[in-house]
Every structure is written in C-alpha cells, then in structure tokens.
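The values are calculated or read from the model by the stated rules, or taken from the named source; none is laboratory data. Bear in mind the structure is a predicted one, so any value in this text is a computation, not a measurement. No Cβ is skipped: glycine too gets one built from the backbone with ideal geometry, and neighbour counts run over all protein chains shown. All accessible areas refer to the heavy atoms of the entire protein, side chains included, with ligands and DNA or RNA removed. Shrake-Rupley method; radii C 1.70, N 1.55, O 1.52, S 1.80 Å.
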Amino acid sequence: MEVKTYTFTPHGDDRGQLIALEEYKDFPFSVKRVYYIYDTLAGVVRGHHAHKCLKQILICVHGSCKIHLDDGHDTAEVLLDTPNKGLFIANDMWREMYDFSPDAVLMVLASELYDESDYIRDYDEFKKFVASKESEK
Ligand code: TYD
C-alpha cells in the first residue's frame, strides 16, 4: 500500500531548528484543527478508527511512536521519530497509534473540526465503507 510521508525542511542555523508548515504548500489541505497527544502511558494503543472525510498529518514533534495503517486490504507500520517527518493519513484509512516513548508528543493537523459523526469506530463498518467506495469507482 502507498504510505505518504513528508520530510519537512528545517530552517536550521547556529541557534537550532525551526520548521514552518503552510497549507497546500507543505501538505495538501487546509487546517481547521490541531491537537496533540502526550503523557501517553506505556502499552497504550490509541486510535482504532477511520474517518468518512477527515484528512490528517501526524508529526511526532518530540520522542517517537508508531502508526499502524490499514486500507482495508493491506497494512503498513510507520515509525515517527523525528519532528521533520509528517505522515499523511487519508480519511478511509484505519489507524492505530502505539509504542509511544514516555516523552512522545504526537501533533496532528486536521482538515476538519472535531465531529464524532465522521468517525468509523467499528472495523467491520470500516470494511463495508471501503467496499462501498470501491463499488462507486
Ligand atoms: P479519542 O478519539 O479517544 O482519541 P484517539 O483518536 O487518540 O484514540 O479522543 C479522546 C477524547 O478527546 C474524546 O473524549 C474526544 C476528545 N476529542 C476532542 O474533543 N477533540 C478532538 O479534536 C479530538 C481528536 C478528541
């Protein structure tokens, strides 16, 4: 399966690093919401859902974590362990986040405001969603 990651260019100088992200330039959507996950306890797995519309970029701005992706047919695992790497997750992708280092801060840029009705939290429902999208093609 195709996994879309971005390597962002830091504006580094003798003071340190700075990364700036601009919508449609550094990633392909407009940001309506930002949230971040931190102080995650050992062994915790978050996510366990897909979305009907939402697109996201995940950036582990400190520490590391892993992302399990599932498009309904294939799966992939992505390690996020540097602040200059972004992972694009399309709406129709089941995702789980795990193996958080104790210092991990996972920042998410989201294309829509929070909307519980956009979530697909049941894996069988997700498989049906993928099948219905494919039958439309
Ligand atoms: P949850 O969906 O369980 O997070 P994850 O995808 O990491 O498993 O969200 C945890 C709580 O935070 C839940 O009560 C919903 C709330 N929440 C918001 O209020 N706004 C948001 O943008 C997000 C992502 C979650």
Global form of the stretch 88-128, assessed from the alpha-carbon gyration tensor, a/c cut-off 1.5 = oblate
Using θ = phi - 60° and the Karplus relation 6.51 cos²θ - 1.76 cosθ + 1.60, list the HN-Hα couplings for the stretch 98-109 in order, rounded to whole Hz, with x at every Gly or Pro.
-> 7, 6, 5, 5, x, 9, 5, 10, 9, 9, 10, 9
Cross-link partners of K85 among lysines (Cα-Cα below 24 Å; sequence separation of 8 or more within a chain) = K4, K25, K32, K55, K66
Starting with the highest mean, order 27-37, 80-90 by the number of other Cβ atoms within 10 Å, averaged over the residues of each peptide.
-> 80-90, 27-37
Name the chymotrypsin sites (Phe, Trp or Tyr not before Pro) in the stretch 105-137 that are in a loop by DSSP and that have at most 12 other C-beta atoms within 10 Å, would you?
-> Y114
Work out from phi, with θ = phi - 60° and the Karplus expression 6.51 cos²θ - 1.76 cosθ + 1.60, the ³J(HN,Hα) of each residue of the stretch 72-89, listed in order in whole Hz, and give x for Gly and Pro.
-> x, 10, 10, 10, 8, 10, 10, 8, 10, 9, 8, x, 9, 10, x, 10, 7, 10
Note: the chain, point scatterers on Cα, Debye, no solvent; log10 I/I(0) at q = 0.19 Å⁻¹ equals -1.18
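Suppose all protein chains stay in the model; what accessible area per residue would a 1.4 Å probe give for the chain, in Å²? Don't jump to the answer; show the numbers that get you there.
Details: 8090 Å² over 137 residues.
Here the residues of the chain average 59 Å² of exposed surface.
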Measure nothing fancy, just the Cα-based angle from helix 123-136's long axis to the longest principal axis of the chain, in degrees from 0 to 90, nearest 10.
-> 80
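Please sort by residue number the GluC sites (Glu not before Pro) in the stretch 1-53 whose DSSP state is loop and whose Cβ has at most 16 other Cβ atoms within 10 Å.
Working: sites: E2, E22, E23; in loops: E2, E22.
Sites meeting the loop and neighbour criteria: E2, E22.
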